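Read through the structure below, which is laid out as structure tokens, and then see the notes.
The values are calculated or read from the model by the stated rules, or taken from the named source; none is laboratory data. None of these values were measured; they are calculated from a predicted model. So basically every Cβ, Gly included, is an ideal-geometry build from the backbone, and we count neighbours across all protein chains shown.
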Amino acid sequence: MSKIPVTYKRTDLQSDQEVKWCPGCGDYTILASVQNFMAEMGISKEKIVFVSGIGCAARFPYYMNTYGVHSIHGRAPAVATGVSVSNPDLSVWVVSGDGDALSIGGNHLIHALRKNVNIKILMFNNQIYGLTKGQYSPTSEEGKKTKSSPFGSVEMPLNPMSLAIGAEATFVARSIDMDRDLTAGILEEAKNHKGSAFVEIYQNCNVFNDKAFEQLTNKETKVANRINLVHGEKTVFGEDGHKAVVIRNGIAQIVDTKDVDESEIYVHNIHEENPSIAFSLSRLSHGPYGPTPLGVFRKVQRDTFTEEVHGQIDNAKEQKGEGELDKLIRSLGTWDVS
Amino acid sequence: MEIENKTVESIPAITIRFAGDSGDGMQLVGTRFTDTSAVFGNDLATLPAFPAEIRAPQGTIAGVSSFQVQIADFDILTPGDNPDVLVAMNPAALKAHLHDLAPNGMLILNEDAFEEKNITKAGYKVDPRESGELDGYRVFQVPMEKLTKEALEEFDLPGRAVLRSKNMVALGLISWTFNRPLEDTENWINDKFSKLPEIAKANIKALKTGYNFGITVEAFHHTYVVEKAALPAGEYTNINGNIGLSWGLIAAAKKANLDLFYGSYPITPASDILHELSKHKNFNVITFQAEDEIAAAAASVGASFTGKLAVTGTSGPGLALKSETISLALSAELPLVIVNVQRGGPSTGLPTKPEQSDLMFALYGRHGESPLPVVAAKSPSHAFYAAYEASRIALKYMTPVILLSDNYVATGSEPWNLPNTEELSELETNIITKLNTEDGFLPFLRNVDTFARPWALPGTPGLEYRVGGLEKEEGTGNVSYDAANHQYMTDMRAWKVSNIANDIDKLEIHGDESADTLVLGWGSTYGGITQAVNRLNEKGVKVASAHFVHLNPFPDNTLEVISKFKKVIIPELNTGQLLKLVREAFLVDARGINKVSGEPFTAQELTDKIEAIINE
């Protein structure tokens, strides 16, 4: 293992501000996972910037002893884009929620992903509006009864993984608050990824949407419902691997392992350029109900916005030389009056 | 090329308007004539006008594009009132512009375009050349299309391409009539079409054909010359407001030792700032064409947090979308310049027409108590200095600043006596690299003179801090819902802005200081107001003027200036916004001269209206 240049204790990454989420909120676990990960990720804390929008998750930057901006509802990817492109040396992290990222900020999210800005977006998905006290969100299931949908939501929820893949994201992954190891592994992969990373983290809101992810966390059901996506490995899951994922006519399907030839079982490849299979995997579930894929869906290389912008600046300076004001104001032609 | 029977009359000034279909190349002809006149040494001012539609139906009034230029042998401030010369390339152009032509004005028609179809399309029932409505003008009919076709016969060009050169025939003829040499335009054509030498040759032939038509046809043997203007000595360039503003931002970044970040979403008439800045990457300029107006502003806030001179540019409707983000910059106390190139509103309104109707919006268009400085450009060359000034204030006081321009300043042009760039003041910033107390870093510990907070940039060890839109505790910057603290911070943000009044240029009086009447203006009405006051003073009418560059705060001597006069008149291209502000702030019974027709004031219009109020 290569030598890590900077290491911290978790407490070094903690700000002096009291954490004010509701007791039992999944955000605590994620905060701990992130702080533990960052203590050892090898980047000095003055080079880390957290940017958030509005919502429960958006308080995150206040609890990190790094640079941080708690910005406006939905705008964090845009603010973070400005930060990243202004200083490519920074490690820029966005913390967002399902309402913030997918509803009011949907436009910024897809464009940050499309442009492959070098930012890491952590979207805590609790499938509810928490800070405004319990309205349905763009990931709430159809029929969801909330204060603003007393007769049940009539809206089709978004599938965040499908959305990100469709938006040309180069890194797409899903974790769950309770699984710290999975989160740490994905954070490490995201950090090392050149470009934008989109990480959905299922997060339990014990006040307004408790047990939304129970099928994936409950001891009795989680084995049957967690499809762990591991690069280079056959995608089997369930008790003793009795279920498997196969790709037929380009579409991912769940089958009984015993019914298929072993060679037909899908071997996960995060580096596949064509996004169709990753997209199809994202369609195996529409929300955390029944078998649901977790892990890295996709990780491909593409030039980053940040690098490209600075590449053009460097080229311009090479070709024209460092800009000079006196030349600039004479560039349209001049005449003398004596 | 002296012609025996050519007479040359010297005139002090002339206003020429070129009008034609959007595709007729009128902007180009106008610009070429302007540049040649600038190089010749005239003073000048221009007013382009184009339809909001990119390609409105050919031959219709909606598709008419025009370019007006005034050239003079004296110092002028406006593109002229009524043109003395109108070049109309088709009946629609004639119909759209004839009413402005001065009595006995020179009217040059492209007679080939006056076919029945075009005449009807323009909305004429009978051919205007035969109806008598052109009586009272000196009409010159020129077969521009025929001349072009004949001249370009020798070139192997498709028919459409041939006719595209008819604007060069018009330019050649006008160049003859006003004794302008062709060399400058020939060089320009050769340069522009350096890779298409055949096209270059064809255009030069068309240009000369127009010129030679003047030589040959007796009707054009009375020509005019506008001598050089006695402008202050210096090196000049011809500049429009959008370019001037762009260069002002680049200069400010350079003098602040920062890099420039410009976040924008394309919108008329501000897009040219984005175009111009995106050319100058060798100044370390980052231009960010965002997914929307909000992202353009938000990314600029991110850039500001990171230590850039951050600027976001737009026009009225876009400013509405940026409002929430401007409030964030205001609350987080980050420097940000917001450029608003005003156009006619509300809503999509008149995208290509000037209006000054966003003044109140600039001052008050945010939620909460959110005062910020507002600076306005008064002319195309002044846009450079206004951008510089807005940047200076933003950086020195850690605040968003709204910089107002408008379509008239943005697209109009004038000669600019170039500054000595070394004499532009260095710009201060509040960048901090070390702890500001023994116990740690306090991101909201203010400068005692400016009330600005320190600007700690990511990457600086030991100064890690968090900032956002929630109310902050003075000093620590921690989130605070404390009642007394919110009162204090609200007051502090207001003090910080009002205190800037001590750090800006004083309001100056122009014209007759002993007058009873003061004409007060802001922004692009500067040229019209100043010219009107000059004309009235020449006539012996006592009147003075003063022009605001800073709309918030006002200069600290404003009350003193206003108190010297009995009457205050405020002309504005809105329904009376500065008027309300001045009446409220200084309790003066000011009178407005207001107009929202999508057109600027003419100097004569202001002269007459000001005089009428004086004589009441």
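Some points to look at:
- Here B:SER391, B:SER413 are screened, and the one residue that is of a type outside the set (D, E, K, R), touching a residue at least 24 places away in the same chain (Cβ under 8 Å), buried (at least 24 other Cβ atoms within 10 Å of the Cβ) and farther than 21 Å from B:ALA501 by Cα is B:SER413.
- Looking across the range B:264-305, the residues that are more than 25 Å from the chain's Cα centre (by Cα) and in a helix (DSSP H, G or I) come down to B:ASN282, B:ALA295, B:ALA298, B:ALA299, B:VAL301, B:GLY302, B:ALA303, B:SER304, B:PHE305.
- Neighbours by Cβ (under 7 Å, 6+ apart or cross-chain): first from the range B:563-584, under 19 Å from B:GLN342 (Cα atoms); second among the acidic types (Asp, Glu) and crowded, with 17+ Cβ neighbours inside 10 Å: B:LEU573/B:GLU355; B:ASN574/B:GLU355; B:LEU578/B:GLU572; B:LEU579/B:GLU572
- Among the residues listed as B:SER246, B:SER194, B:SER271, the single one being closer than 30 Å to B:SER391 by Cβ and free of Cβ contacts under 8 Å to residues at least 24 places away in the same chain: B:SER271
- Answer residue from the range B:420-469, given it is more than 24 Å from A:ILE72 (Cβ to Cβ) and aliphatic (A, V, I, L, M) and is nearest to the other protein chains (Cβ to nearest Cβ) among those: B:LEU424
- Failed item in (1) assigned to a helix (DSSP H, G or I); (2) within 14 Å of chain B (Cβ to nearest Cβ); (3) touching a strand residue (DSSP E or B) at 6+ places or on another chain (Cβ under 6 Å), with A:SER280 passing the rest: (2)
- Matching residues, the range A:26-56, being more than 8 Å from every other protein chain (Cβ to nearest Cβ), touching a Leu at 6+ places or on another chain (Cβ under 8 Å) and part of a helix (DSSP H, G or I): A:ILE30, A:SER33, A:VAL34, A:GLN35, A:PHE37, A:MET38, A:ALA39
- In summary, B:GLY132 fulfils each of the numbered conditions (1) surrounded by fewer than 22 Cβ atoms within 10 Å (Cβ to Cβ); (2) in a helix (DSSP H, G or I) with the single exception of condition (2).
- Total residues in the range B:471-505, condition in contact with a Ser or Thr (Cβ under 8 Å, 6 or more places away or on another chain) and within 14 Å of chain A (Cβ to nearest Cβ): 3
- Single residue of the range B:291-307 satisfying the filter (among the hydrophobic types (A, V, I, L, M, F, W, C) and more than 7 Å from every other protein chain (Cβ to nearest Cβ)) that is surrounded by the most Cβ atoms within 10 Å (Cβ to Cβ): B:ALA297
- Among the residues of the range B:532-546, the one identified as closer than 12 Å to B:LEU518 by Cβ, not hydrophobic (A, V, I, L, M, F, W, C) and not in a strand (DSSP E or B) is B:LYS542.
- Residue list for the range A:93-114, restricted to those being surrounded by 24 or more Cβ atoms within 10 Å (Cβ to Cβ) and charged (D, E, K, R): A:ASP98, A:ASP100
- Matching residues, the range B:526-549, being crowded, with 20+ Cβ neighbours inside 10 Å and out of contact with any helix residue (DSSP H, G or I) (no Cβ under 8 Å at 6 or more places or on another chain): B:THR530
- Some residue of the range B:252-262 being of a type outside the set (Lys, Arg), in a helix (DSSP H, G or I) and either crowded, with 20+ Cβ neighbours inside 10 Å or touching a Phe, Trp or Tyr at 6+ places or on another chain (Cβ under 8 Å) (or both): yes
- Taking the range B:436-471 as the range and being aliphatic (A, V, I, L, M) and surrounded by 14 or more Cβ atoms within 10 Å (Cβ to Cβ) as the test, the residues that pass are B:LEU442, B:LEU445, B:ALA452, B:ALA456, B:LEU457, B:LEU463, B:VAL467, B:LEU470.
- Enumeration of residues in the range B:197-227 that are part of a loop (DSSP other than H, G, I, E, B) and either at the interface with chain A (Cβ under 8 Å from one of its Cβ atoms) or buried (at least 24 other Cβ atoms within 10 Å of the Cβ) (or both): B:VAL226
- Breaking point among (1) in a loop (DSSP other than H, G, I, E, B); (2) of a type outside the set (A, V, I, L, M); (3) at negative phi, for A:GLU220: (1)
- Residue check for B:THR312: among the hydroxyl-bearing types (Ser, Thr, Tyr), assigned to a helix (DSSP H, G or I) and at pLDDT 95 or above: no
- Filtering A:GLY287, A:GLY295 for residues that are at pLDDT below 95 and under 19 Å from the mean Cα position of the chain (by Cα) leaves a single hit, A:GLY287.
- A single member of B:LEU442, B:LEU463, B:LEU457 is in contact with a strand residue (DSSP E or B) (Cβ under 8 Å, 6 or more places away or on another chain), touching a residue at least 40 places away in the same chain (Cβ under 8 Å) and of a type in the set (A, V, I, L, M, F, W, C), and it is B:LEU457.
- Considering only residues in the range B:315-344 that are assigned to a helix (DSSP H, G or I) and more than 14 Å from chain A (Cβ to nearest Cβ), the one that is farthest from the chain's Cα centre (by Cα) turns out to be B:ALA320.
- Matching residues, the range B:502-525, being under 16 Å from B:TYR397 (Cβ atoms) and crowded, with 17+ Cβ neighbours inside 10 Å: B:ILE504
- Of all residues in the range A:292-338, those that are in a helix (DSSP H, G or I) and either surrounded by fewer than 19 Cβ atoms within 10 Å (Cβ to Cβ) or within 7 Å of another protein chain (Cβ to nearest Cβ) (or both) total 18.
- Hey, B:PRO317 surrounded by fewer than 24 Cβ atoms within 10 Å (Cβ to Cβ), farther than 19 Å from B:PRO458 by Cβ and at pLDDT below 95 or not: no
- Only listed residue being closer than 29 Å to B:THR46 by Cβ, at pLDDT 95 or above and assigned to a loop (DSSP other than H, G, I, E, B), chosen from B:LYS353, B:LYS378: B:LYS378
- Test: B:LYS255 is among the charged types (D, E, K, R), within 14 Å of chain A (Cβ to nearest Cβ) and in contact (Cβ under 8 Å) with a residue 40 or more places away in the chain: yes
- Only listed residue being touching a helix residue (DSSP H, G or I) at 6+ places or on another chain (Cβ under 7 Å), within 13 Å of chain B (Cβ to nearest Cβ), of a type in the set (Val, Ile, Thr) and part of a helix (DSSP H, G or I), chosen from A:VAL79, A:VAL95: A:VAL79
- Against the conditions (1) in a loop (DSSP other than H, G, I, E, B); (2) of a type in the set (A, V, I, L, M); (3) in contact (Cβ under 8 Å) with a residue 60 or more places away in the chain, B:LEU157 satisfies every one except (3).
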